[in-house]
Amino acid sequence: MLRKRTNALRRRYQSTTNNDNLRQERKERYFDGRREYEGKMQKAKLKSWKTCTINGVNPWNIVYKIAAGKIRTTTRLTTLEKEDGTYTTDTRSTMMHMLEHFVPDDREDSDNKLHRKIRKVVQEPPDTVDDKAYTKKEIIANLKKNSTRKWFLERMD
């Protein structure tokens, strides 16, 4: 509202060309209106800044995070329509419906030749030679070599 009034005063001042006294009077009114408008703008900006920085929160943090792409929105599970036309009612029923749809049943009676072979191989224990067990000395040496904590190194001695 104040901006419109200031712009109207400016147009009135600039359009007055014939009468010097009237032009001077309108010039003074325009500059007074502009000063009032700029003062109120500064107050509004300061008030906005103070409310934005209340409790010591830096408003530039959110600006930085948005610009850097560090703001992530969480995905919300909504209701899903089932095959029979009904809808899921809550998060649990939505998850159960998704599991039933995307994760097939693992039944042995529906396996083909390849799947039966894979099941057999997986169920047999591996036929490899066991590695030698680490000694306490080797473990402590590696811990000392890789640790930077003074208290830890002191306890190992």
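Here are the numbers for this structure:
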quantity: Residue in region 51-69 that is of a type outside the set (G, A, S), at pLDDT below 90 and closer than 30 Å to R5 by Cβ present; calculated: yes
quantity: Test: R34 is touching a residue at least 24 places away in the same chain (Cβ under 8 Å) and within 30 Å of R3 (Cβ to Cβ); calculated: yes
quantity: Residue match in region 90-97 (condition: more than 24 Å from the chain's Cα centre (by Cα) and either of a type in the set (D, E, K, R) or at pLDDT below 85 (or both)); calculated: yes
quantity: Tabulated pairs, region 96-111, first within 25 Å of Q123 (Cα to Cα), second modelled with pLDDT of 85 or more, C-beta under 7 angstrom, 6+ apart or interchain; calculated: D111/R119
quantity: Filter result for the condition that a residue is at pLDDT below 80 and not in a loop (DSSP other than H, G, I, E, B), over K137, K145, K120; calculated: K145
quantity: Exclusive hit being in contact with a Lys or Arg (Cβ under 8 Å, 6 or more places away or on another chain), surrounded by 12 or more Cβ atoms within 10 Å (Cβ to Cβ) and not acidic (D, E), set R5, R26; calculated: R26
quantity: Some residue of region 11-26 being among the aromatic types (F, W, Y) and assigned to a helix (DSSP H, G or I); calculated: yes
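The values are calculated or read from the model by the stated rules, or taken from the named source; none is laboratory data. Not measured: the values here are computed from a predicted model. Please note: Cβ atoms are built from the backbone with ideal geometry, for glycine as well, and neighbour counts cover all protein chains shown.
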